[in-house]
Amino acid sequence: MEIINTALIDCKILLPTIHNDSRGYFLETYNQIQLNKALNCDICFVQDNTSFSTKGVLRGLHFQKGIFAQSKLIRVVSGSILDVVVDLREKSPTFLNHFSVELSETNQKQLFVPRGFAHGFVVLSDNAHISYKCDNFYNKDSEGGVLYNDRDLGIDWKLEQDQIKVSDKDLELPSLSAISIANLW
């Protein structure tokens, strides 16, 4: 597994070793010992989630607050997405910066998102099946988020606005300026 630093502190791209032969390929998508060694931390994932969406579906930008904050390891099983994270850690040198990467079944990249980040994605292919691990359990009362098209963030979602499909719930998320960052973690 190769670990690639991103422009955001502690947020990493993981490239698994792919073993190709005449039958297809094999790759190890997760190994706790290797991941913890590579990240120089002790991550223990406790929940796996799956999402299936069609082209243009945008989910995000979401996070879990307080003691229910989550680190995530995101991968695409089929299709492709633009995965976006925003650093909401007030003491981080990359505070309020965002990063995006295309994750796909073709490139097999994975994205490690530490606690303290907002996360979202938009489907670029006809459909996409996303799988991700979380190191903390979901708690409805700890849900939080930032409006995906917040002008202060200026995220380029790589699709025209009329191609993007957002849930009513996500359209009601607050702007970054309306969130009390100091009380999130």
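With θ taken as phi - 60° and the Karplus curve 6.51 cos²θ - 1.76 cosθ + 1.60 applied, the whole-hertz 3J(HN,Hα) list for the range 68-77 is 9, 4, 10, 8, 9, 10, 10, 9, 9, 7 Hz, x standing for glycine and proline. Using the Karplus relation 6.51 cos²θ - 1.76 cosθ + 1.60 with θ = phi - 60°, the per-residue 3J(HN,Hα) values for the range 116-130 come to x, 10, 8, 9, x, 8, 10, 7, 9, 8, 4, 7, 8, 10, 10 Hz, with x marking Gly and Pro. Within the listed set 119, 19, 62, the residue fluctuating most in the Gaussian network model of the chain (springs between alpha-carbon atoms under 10 angstrom) is 19. The stretch between residue 22 and residue 169, if pulled fully straight at 0.36 nm per residue, gains 48.3 nm over its current Cα-Cα span. Taking the chain as the region of interest, the number of lysine pairs whose Cα atoms are within less than 20 Å, with members eight or more places apart or on different chains, is 22.
Based on DSSP H runs of at least 4 residues, each adding -39500 (n - 2.57), what is the mean residue ellipticity at 222 nm of the chain after dividing by all its residues, to the nearest 500 deg cm²/dmol? So the calculated ellipticity at 222 nm is -1500 deg cm²/dmol. Among the listed options (1) 60, 34, 33; (2) 54, 39, 29; (3) 39, 37, 31, the one matching Cα extents along the principal axes in Å as calculated from these coordinates is (2). Scoring 143-156, 27-40 by mean Cβ neighbours within 10 Å over their residues and listing the highest first yields 143-156, 27-40. Taking packing as the residue-averaged number of other Cβ atoms within 10 angstrom, the listed peptides 167-177, 129-139, 75-85 run from highest to lowest as 75-85, 129-139, 167-177.
Remark: the residue 180-residue 2 segment gains 60.5 nm on full extension, using 0.36 nm per residue and subtracting the alpha carbon distance. Computed from the C-beta positions of residue 105 and residue 42, the FRET efficiency with R₀ = 35 Å rounds to 0.75.
For the range 78-185, a crude dipole built from +1 on the beta carbon of Lys and Arg and -1 on the beta carbon of Asp and Glu, taken about the Cα centre, is about 380 debye to the nearest 20.
Taking every alpha-carbon pair under 8 Å whose residues sit at least 6 apart, the chain reaches a relative contact order of 29 percent. The slack between residue 158 and residue 95, meaning 0.36 nm per residue of separation minus the straight C-alpha distance, is 20.4 nm.
Just so you know, all these numbers are worked out from the coordinates, no wet-lab data involved. Being a predicted model, the structure only gives us computed values, none of them experimental. Positions of Cβ are generated from backbone atoms using ideal geometry, with glycine treated the same way; all protein chains shown enter the neighbour counts.
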